[in-house]
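Take a look at the structure below.
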Amino acid sequence: MPHVAVLGVNGRMGRCLVRSIRESADLILSGALASPNSSALGRDAGDVAEAGPIGVTVTADRVEALAGADVAIDFTLPGAAVENLEAAAARQVPMVIGTTGLQEAAQAAIRRLSHGLPVLVAPNMSLGVNLLFSLVDRAATALGEDYDIEVFEAHHRNKVDAPSGTALRIAEIAAGARGRLLADVGIHTRAGQTGPRPRGGIGFAVVRGGDIVGEHRVTYAGIGESLEIAHRATDRMTFAYGAVTAARWIIGRPPGLYGMADVLGI
Ligand code: NAP
C-alpha cells in the first residue's frame, strides 16, 4: 500500500489530508511535517487531525517526515513548499503541491526540480473547479474581447495570499484564450478616478471574511447580457480528496510537471 507524507500537517488542509488518508482503505500515512515552531511537534498526527491516534509523530525534520514515503503532499507556505520539494527531490519522493501564492522564483524552482521528479502543482484540487477551468477557456474563446471578464473570489479571514491561486489561474486561462498574458491585462486595484475600463482587461474582486471555504465566480459582461460561471466549496475535504487522488495518480509517473487536468483527464 502506498505510504504518504503530509507536509503542513497542522494546517487546515493538513488535518483534512490526515483524515482523508485515514478514511481510505489503500493509503498509509508514513510521515507528518510541521514548522520548527509548531504547537503540533511531538504529537500523534491523527490526534492533531482529531481523527484518533494513527502512530505517526509530527516532526519538523524533513528527512524523518519523508522517510519511507512513496509520495508527499504539501499544503504549507510558498517558501516552505520549495524547500520541501528540494528535500523530496533529493530522496526521489514524488510530490503533490497544493500550496498557493507561489511567486515566479518559486515556480521556476519547481519547474527546475520537476526535470528529475514527478511533481503536480494545482492551486485548486477540486473536481468542480478543474471543470470550471475548461469552461472558462471555452467561454473566453467563444465570446472574445467584446465581453469584459471579471473574476470574483471569497475566502476565510486567515487566507494569506490574494487573489487566490485559483482566481489567478482562471484569469490566466481566460487571457491565454484571447492570446494575451495575464501580466499585461490583469486589473488588480480600482480606486478613485480609474478612467474607462481598458478593452481586454481582466479585473479581480477579493473578499476575505469569516470561515468562507472558497468561492469563485467569472463574469463575462457584454452589451445587453452577461454570463456567469460560479463554483462554491462548502467543505475543504473536497480539496483533500482531490489531493489524495493526485497522490495515488503521480506514483510511478515519469519526471515532469503535472496538473489536475492530467489526473482528471479533462
Ligand atoms: P494553514 O491552515 O495556514 O496551514 C499551513 C500550515 O503550514 C500552518 O498551519 C503551518 O503550521 C504549516 N507550516 C508552515 N511552515 C511549514 C514548514 N516549513 N513545514 C511544514 N509545515 C509548515 O493554511 P491552509 O488553509 O491549510 O492552506 C495551506 C495552503 O494551501 C495555502 O497556500 C492555501 O492557499 C492552499 N490551499 C490550496 C488548496 C488547493 O486545492 N490547492 C485548497 C485549500 C488551500 P505549523 O506552524 O503548526 O507547522
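The values are calculated or read from the model by the stated rules, or taken from the named source; none is laboratory data. What you are looking at is a predicted structure, and each value in this text was computed from that prediction instead of being measured. Cβ: placed from backbone, ideal geometry, glycine included. Neighbour counts: every protein chain shown.
Could you tell me whether His188 is within 27 Å of Ala81 (Cα to Cα), more than 16 Å from the ligand (Cβ to nearest atom) and not assigned by TED's automatic domain parsing to the domain that holds Glu104?
yes
Anything in region 20-60 that is in contact (Cβ under 8 Å) with a residue 40 or more places away in the chain, within 15 Å of the ligand (Cβ to nearest atom) and surrounded by fewer than 18 Cβ atoms within 10 Å (Cβ to Cβ)? List them, or say none.
Of everything in region 20-60, just one residue is in contact (Cβ under 8 Å) with a residue 40 or more places away in the chain, within 15 Å of the ligand (Cβ to nearest atom) and surrounded by fewer than 18 Cβ atoms within 10 Å (Cβ to Cβ), namely Ser35.
Those residues that are touching a helix residue (DSSP H, G or I) at 6+ places or on another chain (Cβ under 7 Å) and outside any helix (DSSP H, G or I), I need them from region 234-259; list them, please.
Matches in region 234-259: Arg236, Leu257, Tyr258.
If you scan region 193-225, which residues turn out to be over 25 Å from the mean Cα position of the chain (by Cα) and touching a residue at least 60 places away in the same chain (Cβ under 8 Å)?
Of everything in region 193-225, those that are over 25 Å from the mean Cα position of the chain (by Cα) and touching a residue at least 60 places away in the same chain (Cβ under 8 Å) turn out to be Ala221, Gly222, Ile223.
Only one of Ala167, Ala108 is within 21 Å of Leu77 (Cα to Cα), in contact with an Asp or Glu (Cβ under 6 Å, 6 or more places away or on another chain) and not in a strand (DSSP E or B). Can you tell me which?
Only one candidate passes the filter, namely Ala167.
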